[in-house]
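Data first, discussion second: the structure below is written as structure tokens.
The values are calculated or read from the model by the stated rules, or taken from the named source; none is laboratory data. Note that the structure is predicted; figures quoted are calculated from it, not measured. Cβ: placed from backbone, ideal geometry, glycine included. Neighbour counts: every protein chain shown. Heads up: the accessible areas ignore ligands, DNA and RNA and are worked out on the full protein's heavy atoms, side chains in. Shrake-Rupley method; radii C 1.70, N 1.55, O 1.52, S 1.80 Å.
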Amino acid sequence: MTLPVHNTGLPGVQLIDLRVFHDERGYFLESFQAQRYEVLLGLKSPFVQDNYSHSKRHVLRGLHFQSRHPQGKLLRVAQGEIYDVTVDLRTASPSFGQWQGLALSHARPQQLWIPPGFAHGFVVLSDEASVEYKCTDYYHPEDEACLSWNDPDLAIDWPVNSPVLSAKDRQGLTLKALQEAGRL
Ligand SMILES: Cc1cn([C@H]2C[C@H](O)[C@@H](COP(=O)(O)OP(=O)(O)O[C@H]3O[C@H](C)C(=O)[C@H](O)[C@H]3O)O2)c(=O)[nH]c1=O
């Protein structure tokens, strides 16, 4: 059984509609199935790590990426609603330096496929939000970098003006600074 897949505003970033089985108890869905996703995403045994984060309203996590070990991410909002942002950092891409934001909610069972080569982050719009995502490479903290959420050149139109940020995310670098530092 295949699933409806939709292109988004950035090449390669895709939304996948999940099949939900509702009954009087609630609902069930398959959040991953290796053979199906191998066909959907054209990737052979792609995922090596599962992540899960829980955040309060207006928490903003990001924008993160790994330079030498870029991670593809298959993301689902298990609880709540987020505004999810991806930035194309693939230097050969025609959409390099472009960003897009998508409202994702557990009420619309979808997954977002983010290929390797993007910075990723989200801000929480509900009281709380739980986000789970599969990664195509391992976490390499020494290789991780933070693109500033409020880079004036990107001018990302976040729906939250004063987000709650980690110390690391308050010190994110602009795209220009990351390029000058050879991180892209
Ligand atoms: C990402 C990661 C973190 N950690 C540890 C390191 C810290 O002690 C703690 C919190 O890490 P961090 O503040 O980087 O967590 P997030 O801000 O949610 O980071 C994520 O934010 C955006 C949304 C992403 O897309 C990335 O996957 C990821 O960078 O978990 C691990 O042990 N393994 C990991 O893979």
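Descriptive notes on the structure:
- Residues that are under 17 Å from the mean Cα position of the chain (by Cα), assigned to a loop (DSSP other than H, G, I, E, B) and either under 15 Å from V59 (Cα atoms) or of a type in the set (V, I, T) (or both) within the stretch 155-184 comprise I156, W158, P159, L165, listed in sequence order.
- Selection from the stretch 33-64 of residues that are within 11 Å of the ligand (Cβ to nearest atom) and either more than 22 Å from E142 (Cα to Cα) or open to solvent by less than 20 Å² (accessible area, probe 1.4 Å) (or both): S53, H54, S55, V59, L60, G62, L63
- Sub-7 Å Cβ pairs linking a first residue in the stretch 44-72 that is free of Cβ contacts under 8 Å to residues at least 12 places away in the same chain to a second residue that is open to solvent by 80 Å² or more (accessible area, probe 1.4 Å) and away from the ligand (no atom under 13 Å from the Cβ), at least 6 apart or interchain, number zero.
- Considering the conditions (1) open to solvent by less than 20 Å² (accessible area, probe 1.4 Å); (2) farther than 15 Å from V13 by Cβ, E180 is excluded by exactly one of them, (1).
Residue-by-condition table, conditions (1) within 18 Å of L173 (Cβ to Cβ); (2) of a type in the set (F, W, Y):
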residue	(1), (2)
S105	no, no
Q111	no, no
F122	no, yes
H140	yes, no
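- Residue that is nearest to the ligand (Cβ to nearest atom) [pool: residues in the stretch 133-149 that are more than 17 Å from the chain's Cα centre (by Cα) and open to solvent by 50 Å² or more (accessible area, probe 1.4 Å)]: P141
- In this structure, S130 does not qualify as more than 14 Å from the ligand (Cβ to nearest atom) and either open to solvent by less than 60 Å² (accessible area, probe 1.4 Å) or more than 23 Å from R36 (Cβ to Cβ) (or both).
- Among residues of the stretch 101-127 that are within 22 Å of Y27 (Cβ to Cβ) and among the charged types (D, E, K, R), those with a beta-carbon under 6 Å from a residue that is open to solvent by 30 Å² or more (accessible area, probe 1.4 Å) and more than 15 Å from the ligand (Cβ to nearest atom) at least six positions away or on a different chain give the pairs D127/R57.
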